[in-house]
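Okay, structure first, notes after.
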Amino acid sequence: MVLFDDQQPEWLPLYNPISNLVYSAPGSTVDTVLVGGRLVVQGGHLTLVDEPLLQSEVRNSAEAILQRMGARAESLSKWNLNSAV
């Protein structure tokens with residue numbers, strides 16, 4: 001079961017929920033997900049995964065791959081994303 005936050009701007013005005021879901025609601029408006037009775041998303045965040053730890057591991061893995069390639073992340077992007085983190 002998937003519950004959406006229908007107070008987000010993408011859901012307004014809410015005259016036809018099916019139309020809003022199909023044409024204007026992005027995944028970021030998902031609030032709660034239950035799978036087989038198990039809560040897997042609450043408040044828009046995963047409950048079975050440590051999201052900050054996962055994000056850190058992804059960044060570290062990407063850096064390791066770039067180092068093996070002899071490249072630096074800053075040289076591959078026109079935005080310096082590391083300064084925003």
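Each label was represented as a point 7 Å from its Cα along the Cα-to-Cβ direction; for ALA71 and LEU12 these points are 4.2 nm apart.
Across every pair of non-identical alpha carbons in segment 2-46, the mean reciprocal distance, once inverted, gives a Kirkwood radius of 10.9 Å. Full extension of the chain between MET1 and GLU57 yields a length gain of 17.2 nm, computed as 0.36 nm times the residue separation minus the alpha carbon distance.
With a Förster radius of 35 Å applied to the C-beta separation of THR47 and SER19, the computed FRET efficiency comes to 0.75.
Each Lys or Arg adds one and each Asp or Glu takes one away; over the other residues whose Cβ falls under 15 Å from the Cβ of LEU14, this sums to -4.
Other residues with beta-carbon under 13 Å from the beta-carbon of VAL41 carry, at +1 per Lys or Arg and -1 per Asp or Glu, a net charge of -2.
Read-outs: derived from the displayed coordinates by stated rules, not from any lab. Worth saying up front: this structure is predicted, and the values here are computed from it rather than measured. As a convention, Cβ positions derive from the backbone with ideal geometry for all residues, glycine included, and neighbour counts pool all protein chains shown.
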